[in-house]
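The values are calculated or read from the model by the stated rules, or taken from the named source; none is laboratory data. This is a predicted model, so every value here is computed, not measured. No Cβ is skipped: glycine too gets one built from the backbone with ideal geometry, and neighbour counts run over all protein chains shown.
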Amino acid sequence: KSYKIAVVNGDGIGAEIVPAGVSVLDAVAKKHDFKIEKESFPFGAGYYRDHGKFMSDNAIETLKQFDAIYFGAVGLPEIDDTLPAKDYTFKVRTELNQYVNYRPVKLFSGLKSPLRTKTEADIDFVVVRENNEGEFVQSGKTFYADQAHGFATDTSVFTRYGIERIAHYSFKLARKRRSKVTNVTKSNTLINSLAYWDRVIEEVSKEYPDVEFNKMYIDNASASFVLRPEVFDVIITTNLFGDILSDLGGAIMGSLGLGGSGNINPEKDFPSMFEPIHGSAPDIAGQDIANPIGQIWSAAIMLDHLGETEAAKDIVAGIEATTAEGNLTVDLGGSASTSQIADRVIKYIEST
Ligand code: NAI
Ligand code: MG
């Protein structure tokens, strides 16, 4: 079997952590007897600097010919940061119908959460972030910006179609886990958009009577991430809330650098895109100190999506072996380099 993977390093630490992740992919492919055919694309803010756009004009059509996209992050301090989402991340996610943003949160062996929970098992849940609409549709306008009566708007869009499909995904996912879905919302104040969101999710929940279902407001959910993370299994939430909560999820795992994710098109009519939850971290780029685990975990999520379940498990076990031994990058209090972490994961894969 062979998989065509589009590799997009993006900007900043992407140039270090994506190659680290690719080396792990190569090792696991060799062991599990499948092939990874890679093609690299230089898209991102660096590309924008040189070409005035974040990706080539035919990029979306080109990406459609791949089985998956393996991505770092986009954004550079010297480039207008209102552009990358519109011209790259949100564009790829919507045009390729990647309506699920799957963001698992769990404690790896040997790692201590800053929360100091009773047992490691206390943190093990998934944030399912609606990825194609909501607050991020970029429909709005800035008026009279330089004047005393200046004002600006951003309109959120929630469609029945969009809510239903993310809800079905979440309930089906819960069935494969601990059968619990928490809808994280703010319908007490966003009384149109999120009240509709709640209503449609509640309707869908009736089709899954075997799955425990409850609702929590985003403010309480944020506190609960810290105070009682064990109450969560599958969280379904909106684009903006999911974006914020997944960074908090990264933090309670021990570092933002640990979070992996998939921008998933469950029907597989287009390729899905796999990237760490964090950004391009320009503050630490070019030093071989970035934590590659979120990027490597994203490779596992990608292989799982492609049906290479055993290889995916192997990568996660390799990450666990690495952290359990105390091989840690600076963000986790260690001194290992980006490449040393990847090498240790590869050594585990090759030796088991
Ligand atoms: P960021 O996630 O890049 O960094 C936040 C903090 O976490 C920084 O101190 C950084 O050094 C640290 N960090 C992040 N990843 C790390 C890793 N793997 N290992 C160790 N430390 C890590 O968020 P920030 O600083 O808000 O944004 C930087 C740029 O990234 C901006 O241009 C932003 O727009 C972009 N961005 C892009 C995303 C994407 O492409 N999906 C997502 C989020 C931000
Ligand atoms: Mg984010």
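Sort out for me the helices (runs of 4 or more DSSP H) sitting completely within the range 264-352 that have 3 or more residues that are closer than 18 Å to PRO104 by Cβ, over 19 Å from the mean Cα position of the chain (by Cα) and at pLDDT 95 or above.
Qualifying helices (runs of 4 or more DSSP H): 309-324.
Which of the residues belonging to the range 228-260 are of a type in the set (Gly, Ala, Ser), within 11 Å of ligand 1 (Cβ to nearest atom) and in contact with a Gly (Cβ under 8 Å, 6 or more places away or on another chain)?
Matches in the range 228-260: SER246, GLY250, GLY257, GLY259, GLY260.
Only one residue in ALA85, ALA73 is in the same structural domain as LEU306 (by TED's automatic domain parsing), within 16 Å of ligand 2 (Cβ to nearest atom), under 30 Å from SER2 (Cα atoms) and in contact (Cβ under 8 Å) with a residue 12 or more places away in the chain, so which one is that?
Exactly one of ALA85, ALA73 is in the same structural domain as LEU306 (by TED's automatic domain parsing), within 16 Å of ligand 2 (Cβ to nearest atom), under 30 Å from SER2 (Cα atoms) and in contact (Cβ under 8 Å) with a residue 12 or more places away in the chain, namely ALA73.
Being out of contact with any Phe, Trp or Tyr (no Cβ under 6 Å at 6 or more places or on another chain), within 29 Å of ALA299 (Cα to Cα) and crowded, with 19+ Cβ neighbours inside 10 Å: is that true of VAL100 here?
Taking the combined requirement at face value, the residue does not satisfy it.
Looking for something farther than 24 Å from ASP122 by Cβ, over 15 Å from the mean Cα position of the chain (by Cα) and within 15 Å of ligand 2 (Cβ to nearest atom) - is there at least one such residue anywhere in the range 236-248?
no
For the range 304-312, does any single residue satisfy the condition of being within 16 Å of ligand 2 (Cβ to nearest atom), under 24 Å from GLU133 (Cβ atoms) and surrounded by 20 or more Cβ atoms within 10 Å (Cβ to Cβ)?
No, because not a single residue in the range 304-312 is within 16 Å of ligand 2 (Cβ to nearest atom), under 24 Å from GLU133 (Cβ atoms) and surrounded by 20 or more Cβ atoms within 10 Å (Cβ to Cβ).
Which one of the conditions (1) touching a residue at least 60 places away in the same chain (Cβ under 8 Å); (2) touching a helix residue (DSSP H, G or I) at 6+ places or on another chain (Cβ under 6 Å); (3) more than 16 Å from ligand 2 (Cβ to nearest atom) does THR322 fail to meet, given that it meets all the rest?
Just one mismatch for THR322, condition (1).
Each row is one residue, and each column tells you yes or no for (1) closer than 27 Å to SER156 by Cα; (2) among the hydrophobic types (A, V, I, L, M, F, W, C); (3) assigned by TED's automatic domain parsing to the domain that holds VAL184.
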site	(1), (2), (3)
VAL100	yes, yes, no
ILE123	no, yes, yes
VAL128	yes, yes, yes
ASN131	yes, no, yes
PHE136	yes, yes, yes
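What single numbered condition from (1) within 23 Å of ASP283 (Cβ to Cβ); (2) crowded, with 22+ Cβ neighbours inside 10 Å fails to hold for ILE79?
(2)
For every residue, the table says whether it meets (1) more than 8 Å from ligand 1 (Cβ to nearest atom); (2) closer than 30 Å to ALA85 by Cβ; (3) surrounded by 18 or more Cβ atoms within 10 Å (Cβ to Cβ).
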| position | (1), (2), (3) |
| --- | --- |
| PRO282 | no, yes, no |
| ASP288 | yes, yes, no |
| ASN291 | no, yes, yes |
| SER298 | yes, yes, yes |
| MET302 | yes, yes, yes |
| ILE315 | yes, yes, yes |
| GLY326 | yes, no, no |
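Which strands (runs of 3 or more DSSP E) sit wholly inside the range 110-186 and have at least 3 residues that are in contact (Cβ under 8 Å) with a residue 60 or more places away in the chain, among the hydrophobic types (A, V, I, L, M, F, W, C) and in contact with a strand residue (DSSP E or B) (Cβ under 6 Å, 6 or more places away or on another chain)?
In the range 110-186, the matching strands (runs of 3 or more DSSP E) lie at 124-130.
In the range 4-50, how many are among the polar types (S, T, N, Q) and within 17 Å of GLY279 (Cα to Cα)?
Selection size over the range 4-50: 1.
How many residues does the range 1-50 hold that are part of a loop (DSSP other than H, G, I, E, B) and either over 22 Å from the mean Cα position of the chain (by Cα) or not β-branched (Val, Ile, Thr) (or both)?
So the count comes out to 9.
Check THR329, THR338 and return the single one that is in contact with a Pro (Cβ under 9 Å, 6 or more places away or on another chain), closer than 20 Å to ILE252 by Cα and in the same structural domain as GLU16 (by TED's automatic domain parsing).
THR329
Under 8 Å by Cβ, and 6 or more places apart or on different chains, what pairs join a residue from the range 237-263 that is not assigned by TED's automatic domain parsing to the domain that holds THR322 and in a helix (DSSP H, G or I) with one that is of a type in the set (Lys, Arg) and near ligand 1 (Cβ under 9 Å from one of its atoms)?
The qualifying pairs do not exist here.
For (1) under 28 Å from ASN97 (Cβ atoms); (2) touching a helix residue (DSSP H, G or I) at 6+ places or on another chain (Cβ under 7 Å), each residue gets a yes or a no:
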position	(1), (2)
SER255	no, yes
GLY259	yes, yes
GLY262	yes, yes
GLU267	yes, no
GLU275	yes, yes
ILE289	no, yes
PRO292	no, yes
GLY333	no, no
GLN340	no, no
